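Trainee: Sharing a structure below in structure tokens format, with a few things to ask.
The values are calculated or read from the model by the stated rules, or taken from the named source; none is laboratory data. Owing to the predicted nature of the structure, the values given are computational and were not obtained by experimental measurement. Note: ideal-geometry Cβ built from the backbone for every residue, glycine included; neighbour counts use all protein chains shown. We work out accessible area using only protein heavy atoms, side chains counted, and drop any ligands, DNA or RNA first. Shrake-Rupley method; radii C 1.70, N 1.55, O 1.52, S 1.80 Å.
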Amino acid sequence: MTDKLFITIDSKYRRDQFDDWLAGGKVEYKGKTHHWSAQNSNYGFGWEIGPITEEDWSGLDEDEFNELMRVIERCLCEHKTEYVI
């Protein structure tokens, strides 16, 4: 990725009743804002991250999409609230 990338985690919280974590935020990349949500069930599978709406992520190729998901997961695991590349 050569374009500047901004990731913001708007919320991240633990739900005691379900023993899991939820998170959400946005990615600013190539002049567009893409919203995402994530869940981590604490069963060793890591974060399941996905777009809130598919249209929101249009215009990205599969490699860009997968790289953005990896960077978001890294931010969640490192407990960052903002990340700039």
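Trainee: Find the accessible area per residue for the range 5-84; the probe is 1.4 Å, ligands and nucleic acids are left out, and the unit is Å².
Mentor: Details: 4920 Å² over 80 residues.
Per-residue accessible area for the range 5-84 comes out at 61 Å².
Trainee: Counting only pairs 8 or more places apart or on different chains, how many lysine pairs in the chain have C-alpha atoms closer than 19 Å?
Mentor: On the way: LYS4/LYS26; LYS4/LYS30; LYS4/LYS32; LYS4/LYS80; LYS12/LYS26; LYS12/LYS80; LYS26/LYS80.
Within the chain, the lysine pair count is 7.
Trainee: Here is a follow-up. Please give, to one decimal in nm, the separation of the simple spin-label points placed at GLU55 and PHE18, each 7 Å out from Cα toward the Cβ.
Mentor: 2.5 nm
Trainee: HIS79 to LYS32: extension gain in nm, 0.36 nm per residue of separation minus the Cα-Cα distance? Please report the intermediate quantities before stating the final value.
Mentor: On the way: separation 47, 0.36 × 47 = 16.92 nm, distance 2.40 nm.
Taking 0.36 nm per residue and subtracting the Cα distance, the gain is 14.5 nm.
Trainee: How much of the accessible area of the range 5-84, in percent, comes from carbon and sulfur atoms when a 1.4 Å probe is used? Please report the intermediate quantities before stating the final value.
Mentor: Values: 2320 of 4920 Å².
In the range 5-84, the share of accessible area belonging to carbon and sulfur is 47 percent.
Trainee: At a Förster distance of 30 Å, what's the computed FRET efficiency of GLN39 paired with ASP3, Cβ-Cβ distance as r, to 0.05? Intermediate results must be reported in sequence, preceding the final value.
Mentor: On the way: r = 28 Å, r/R0 = 0.92.
After rounding, the FRET efficiency stands at 0.60.
Trainee: Arranged from highest to lowest average of other beta-carbon atoms within 10 Å per residue, in what order do the peptides 54-64, 29-39 appear?
Mentor: Working: 54-64: 11.7, 29-39: 15.9.
Peptide ranking by packing, descending: 29-39, 54-64.
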